[in-house]
Amino acid sequence: MSDHICDMDISETYRRNAAKERAFAAACELPNRRTMYEKSAETWEAMAAAAEETADMAIANAAAKAAA
């Protein structure tokens, strides 16, 4: 369970990074730079989702092993 909490912290960090990138994009006047920030935010969001999915699978696998 502690691994799951750790992974949630990682996903929260990734989501905070995505929010920062979106804030940079909103404040940016240069279209190419804005696009770069938006793509970066999408990447951070994808990494957060992957970390959460991995944590969920680890919990399910641990439960399945415990039940076996």
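Percent of accessible area on the chain owned by carbon and sulfur, 1.4 Å probe? Could the numbers behind the result be given before it?
On the way: 2910 of 4940 Å².
Heavy-atom surface of the chain belonging to carbon and sulfur, 1.4 Å probe: 59 percent.
Where does the chain land at 222 nm, in deg cm²/dmol rounded to the nearest 500, when only DSSP H runs of n ≥ 4 count, each adding -39500 (n - 2.57), divided by all residues?
Numbers: 2 runs with 63 residues, N = 68.
Here the helix-only value at 222 nm equals -33500 deg cm²/dmol.
Using the Karplus curve 6.51 cos²θ - 1.76 cosθ + 1.60 with θ = phi - 60°, what ³J(HN,Hα) values do you get for each residue of the stretch 51-68, in whole Hz, with x for Gly and Pro?
Rounded to whole hertz, the list is 5, 5, 5, 4, 5, 5, 5, 5, 5, 4, 5, 5, 5, 5, 5, 5, 7, 7.
Give me the accessible area per residue for the chain, probe 1.4 Å, as a whole number in Å².
73 Å²
Set the Förster distance to 35 Å, then compute FRET efficiency between PHE24 and ALA62 from the Cβ-Cβ distance, nearest 0.05.
Taking R0 as 35 Å, the efficiency between PHE24 and ALA62 is 0.35.
Enter the angle in degrees (range 0 to 90, nearest 10) between the Cα long axis of helix 2-27 and the first principal axis of the Cα atoms of the chain, meaning the one along which they spread out most.
10 degrees
The values are calculated or read from the model by the stated rules, or taken from the named source; none is laboratory data. None of the values given here were measured: they were computed from a predicted structure. No Cβ is skipped: glycine too gets one built from the backbone with ideal geometry, and neighbour counts run over all protein chains shown. Please note that ligands, DNA and RNA were not included when accessible areas were found on the heavy atoms of the full protein model with its side chains. Shrake-Rupley method; radii C 1.70, N 1.55, O 1.52, S 1.80 Å.
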